[in-house]
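First the structure, in the form of structure tokens, and then the observations on it.
The numbers here are math on the coordinates, done by the rules we state, and not lab data. Nothing here was measured: the structure is a model prediction, and the numbers come from that model. Cβ coordinates were reconstructed from backbone atoms using ideal geometry, including for glycine residues, and neighbour counts include every protein chain displayed.
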């Protein structure tokens, strides 16, 4: 069937990449993606939000960190459509007169940055430990897996809180403002590595006994090169699914920690920080300060979750 | 069978030992305990005397065993912030957290199981689709934001339910104040319990649904139908019973995470429980409270895991042989 597929790319593209592109355009993955309307919608939403967050300085009407642009006189203006609203502030302003829409865009930047960084950290740590555990086996394997089991008894949010608390205890004397985001990323990442390690270890155990690995071993390639160049590419499929779902979880965890007041400092508000600030004004009727950032967070997480759900089903051969 | 149980207990002891070690290392090495206890004007000699008196100059191993010996007797030292015994502080707040966790677990089970059975049996009905979509949204909304939405809707706008505190409490034991016996106490627990239980409810529902779909395809269900048993008895006696093993596992594990997630719910609703205490400890680097909380939650989790493992064996006779060998 693939033989009859017309190639799409021009002559200047090399043969290898052309076939890769053609293979992608003809793949089940793309087909299953396009046939699910809700997945396409989720992908567009995710991409749109990410781009808006990435280009926040260009997209946002104001810069919420620029003190020259904000005025306390503009504080707590309701969103468009309500009484006393101001056409300059589409979603209203917060308690310090910052435009809420801009705040959300800049906040999403921080939420996404922490989300991506902590997922990357967790993935690198988990994949490495999983590879070593599965490939080396024996005592190393037993130790790593016992640690994983013990850690798995605790919910990630509790661990992240604890690690954050301990880290601030250790780094307490150093400037907290600059380090907060890194401590946060570190603690979220460290509480998510187990899933990667267990998955990768499982697939490594299978791959290890296949002929190509044995062949590589026979011709004397060092173990670490076999792990990285030969085993790793073959165990990455499930990791992608975990990473997508974890991104949603990491964003929620970051927002939760920031909401609890142990996350990012309020000079650089993430979505969670904005919601925490807004929570204080819920009772005096200024609902928009908490609700709009919350909705932005919910939409972002929902879209990423939908993508993850689809990816899990699409990559699972049992469901085809 | 006996081997399986003893191995599980041994594993639980190992976990507790590791957690105790971590919690001791925290207690001993993160920040200087002496610095936290004395003022700026204390002389080095006085500090050294205090150090000697607290036994901080003893070998680390001796200190570790002293710490464990204290922990077994509920002595976790004094809180840095409150200058009171940690055990008292936690003990006074434990009932609030346990009542909240209990109420939300009941809510999650009472709603999650029927919804799961229904969506599993009626895959394509519109109500199932509504349940499933709502559950996806429920999973995507962070707990604290659900709490805020509830407060906004039911406390601020409709003014039906209180938004903070436990209401009136009645003392039923020296350490136990219950909110279950007064009208205001019951009213106060509704919103926090639903907020805390919502995620667990959706999880249980999805799990039972998946299990029901699986079980309905098996031979013994076909056989039960062939015997002409009424639908109700097929669904609730033959099918549901077989979905229970994973449900018990997940519910057990979720009980643990309910206690952890209570930190968030307690903060949103100003619920005077253990979670808020722990959060304050994290913010103020109050290590004795953090260490004790870590030990206590680890203990609760380990006990729950152990009970779940034992229940497995009771419920599913097949596991008595297979798991014992594995």
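Structural remarks
- Relative contact order for chain B: 27 percent, from Cα pairs under 8 Å spaced at least 6 residues apart, divided by residue count.
- The order of B:172, A:219, going from fewest to most other C-beta atoms within 10 Å of their C-beta, is A:219, B:172.
- Most fluctuating residue given options B:230, B:288, B:246, as computed from a GNM of chain B linking Cα atoms under 10 Å: B:230
- When each of B:131, B:76, B:223, B:278 is scored by the number of other beta-carbon atoms lying within 10 Å, the sequence from fewest to most is B:223, B:131, B:76, B:278.
- Model label sites at residue B:213 and residue A:37, defined 7 Å from Cα along the beta-carbon direction, differ in position by 2.1 nm.
- Label reach from residue B:156 (point 7 Å along Cα→C-beta): in region A:239-275, amide nitrogens under 18 Å belong to A:259-260, A:271-275.
- Shape call, the protein assembly as shown: gyration tensor on alpha carbons, a/c limit 1.5: rounded
- Look at the stretch B:135-147: the mean tally of other chain Cβ atoms within 10 Å of its residues' Cβ atoms is 6.
- Classified by the C-alpha gyration tensor, chain B has an oblate form. Its axis ratio a/c, with a ≥ b ≥ c, is 1.5 or above, and a/b does not exceed b/c.
- Dividing the summed helix terms, -39500 (n - 2.57) for each DSSP H run of n ≥ 4, by the number of residues in the protein assembly as shown produces a 222 nm estimate of -23000 deg cm²/dmol to the nearest 500.
- Counting, for every residue in B:89-99, the Cβ atoms of other protein chains within 10 Å of its Cβ and taking the mean gives 0.
- Label point of residue A:315 set 7 angstrom out along Cα-Cβ; within region A:196-229, amide nitrogens under 12 Å from it belong to A:196, A:199-200.
- Among A:31, A:230, a tally of other beta-carbon atoms within 10 Å of each Cβ gives an order, fewest to most, of A:31, A:230.
- Within a Gaussian network of chain B (alpha carbon springs, distance under 10 Å), most fluctuating of B:101, B:125, B:23: B:125
- Residue of B:290, B:244, B:115 that the Gaussian network model of chain B assigns the largest fluctuation, springs spanning Cα pairs under 10 Å: B:244
- Spacing of the two label points (7 Å from each Cα toward its C-beta) at residue B:187 and residue B:41, in nm: 5.2
- Peptide B:279-285 - average C-beta neighbours from other chains (10 Å radius): 5
- Global geometry of region A:103-157, whether rounded, prolate or oblate, following the gyration tensor of its Cα atoms and the 1.5 cut on a/c: oblate
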